Amino acid sequence: MPIGEFDGAATFAGDTSALFASPLYWLYEIGHAALDPARALADATRLYFKNPANPLAHTVYGRTVAAAAELFERTTRIYGRPEWRIDHTTVGGERVPVRIESIWERPFCRLLHFLRVFDRPPRRPQPKLLIVAPLSGHYATLLRGTVEAFMPNHDVYITEWRNARQVPVAAGRFDLDDYIDYVISILHRLGGDTHIVAVCQPSVPVLAAVALMEAERDPDTPLSMVLMGGPIDTRINPNAVNKLAESRGLDWFRRNVITKVPFPHPGFMRDVYPGFLQLHGFVSMNLDRHLEAHRNLFLNLVKGDGDSAQKHREFYDEYLAVMDLTAEFYLQTVDTVFIRHALPKGEMTHRGRKIDPAAITRVALMTIEGENDDISALGQTEAAQRLCANIPPARKVHYVQPGVGHYGVFNGSRFRAEIAPRIADFVLSHNRSRDG
């Protein structure tokens, strides 16, 4: 049983030791607040030296000062949840308005529907596509490009997970079992004519949810399941992340990365794996690349290359926006997926019930991997093909995209040109009613 659950009543009944049990988050917030005056001064300096009315704004000196001020402000800022910024798509060569609606909601997630407002219905079938976004640090908007690629030919829905520090303790806990419950509930909401796409981390809970639904012959089981760059079996080609989890053990993670949400956030005193620690991990894995990117931002600002600077801002506004995960979800996931390898060993359970991927017989399966993926290595996602032994071979597809890393599996030019069309063809070929 995961540890990290917080009994809020105990704190306010006299047990105040919990308030100081994990000071890391508090120290981070204090440090950030201490930089507020410097950040405000840097922003004012940037505006002063970019003002066209200021003669220095047109000199190398002025652009250098403005660039340095912007770099300081951006690297010390806490980034909030980005907006989706999707208001239209193109279907059959016609521009179609898009309205984003929340159609299902629980304390830790809501389901968004990218509703395309047609003047007349499209002639080509538009399969219902549920994208399950990863709950691994970034907001669901990281999949903006994924959503945009599917919208011309699909009726798209996506899970938008909430930042745990915004969820009051009174809302209860959220762990891997709850995640699976959420996926099943969403599939019940959408109905049995749905196709489900799991991007990275959700591959395990999505496969588990579908296996549980198939075992019960649930009529709302999806028609097809696409698993993209997911850690189905991390024993295969283990990378540094996989080896770290196994060597450290669960207690190490509990002691070193779990802390409590500080006041005044709504989730005050909730045990979480904080976003700033996750961001440190993301950046440290490719530190040289991130340093070079910020160096290029500085040089482009000095040169006046606004287009290149704007591309940097857009990417890092998304990349640096991170969210907290509940401690129980994080620890249970680390234990189940990366330490015990419970799913491929046939030992994973959901609320005491064994999960058997071999129960899946009616759902078409597609697995996708990136040749250079340094998060979910080659073979880890393909393992689902072996576990789902009773899906007919004609309904199973595996694809490896050459020349892309983890991010390229679900975003970027290669995804749009080579991966998304393959998924669309796979979904369309299985977009029909199944035998009961």
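The values are calculated or read from the model by the stated rules, or taken from the named source; none is laboratory data. Note that the structure is a prediction, hence the values are computed from the model and not measured. Because the Cβ atoms are built from the backbone with ideal geometry, glycine has one as well, and the counts that use them run over all protein chains shown.
Here is a yes/no grid of residues against (1) touching a strand residue (DSSP E or B) at 6+ places or on another chain (Cβ under 8 Å); (2) without any contact (Cβ under 8 Å) to a residue 40 or more places away in the chain:
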| site | (1), (2) |
| --- | --- |
| 215 | no, no |
| 222 | yes, no |
| 228 | yes, no |
| 233 | no, no |
| 256 | no, yes |
| 269 | yes, no |
| 274 | yes, no |
| 283 | no, yes |
| 286 | no, yes |
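Which is on the phi < 0 side of the Ramachandran plot, surrounded by 16 or more Cβ atoms within 10 Å (Cβ to Cβ) and of a type outside the set (Phe, Trp, Tyr), of 349, 381, 361? Give the steps one after another, and end with the answer.
Working: 349 fails: surrounded by 16 or more Cβ atoms within 10 Å (Cβ to Cβ); 361 fails: surrounded by 16 or more Cβ atoms within 10 Å (Cβ to Cβ).
Every option except 381 fails the conditions.
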*Any idea which of 41, 56, 71, 47 is part of a helix (DSSP H, G or I), modelled with pLDDT of 85 or more and in contact with a Gly (Cβ under 6 Å, 6 or more places away or on another chain)?*
56
*Which residues, taken from segment 215-257, are assigned to a loop (DSSP other than H, G, I, E, B), β-branched (Val, Ile, Thr) and surrounded by 23 or more Cβ atoms within 10 Å (Cβ to Cβ)?*
221, 232, 234
*asked:* So in segment 415-433, with the set limited to residues that are more than 10 Å from residue 368 (Cβ to Cβ) and surrounded by fewer than 17 Cβ atoms within 10 Å (Cβ to Cβ), which one is nearest to the chain's Cα centre (by Cα)?
replied: 416
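Is it the case that residue 146 is crowded, with 21+ Cβ neighbours inside 10 Å and either touching a residue at least 40 places away in the same chain (Cβ under 8 Å) or on the phi > 0 side of the Ramachandran plot (or both)?
Details: crowded, with 21+ Cβ neighbours inside 10 Å: yes; either touching a residue at least 40 places away in the same chain (Cβ under 8 Å) or on the phi > 0 side of the Ramachandran plot (or both): yes.
Against the criterion (crowded, with 21+ Cβ neighbours inside 10 Å and either touching a residue at least 40 places away in the same chain (Cβ under 8 Å) or on the phi > 0 side of the Ramachandran plot (or both)), residue 146 qualifies.
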*Tell me which residues, restricted to segment 182-209, are part of a helix (DSSP H, G or I) and touching a Leu at 6+ places or on another chain (Cβ under 8 Å).*
184, 186, 187, 189, 190, 203, 204, 205, 206, 207, 208, 209
*Spot the failing condition for residue 404; the list is (1) within 21 Å of residue 205 (Cβ to Cβ); (2) not in a helix (DSSP H, G or I), and only one is missed.*
(1)
*asked:* Among the listed residues 117, 98, 60, identify the single one that is surrounded by fewer than 13 Cβ atoms within 10 Å (Cβ to Cβ), at negative phi, under 33 Å from the mean Cα position of the chain (by Cα) and of a type in the set (A, V, I, L, M, F, W, C).
replied: 117
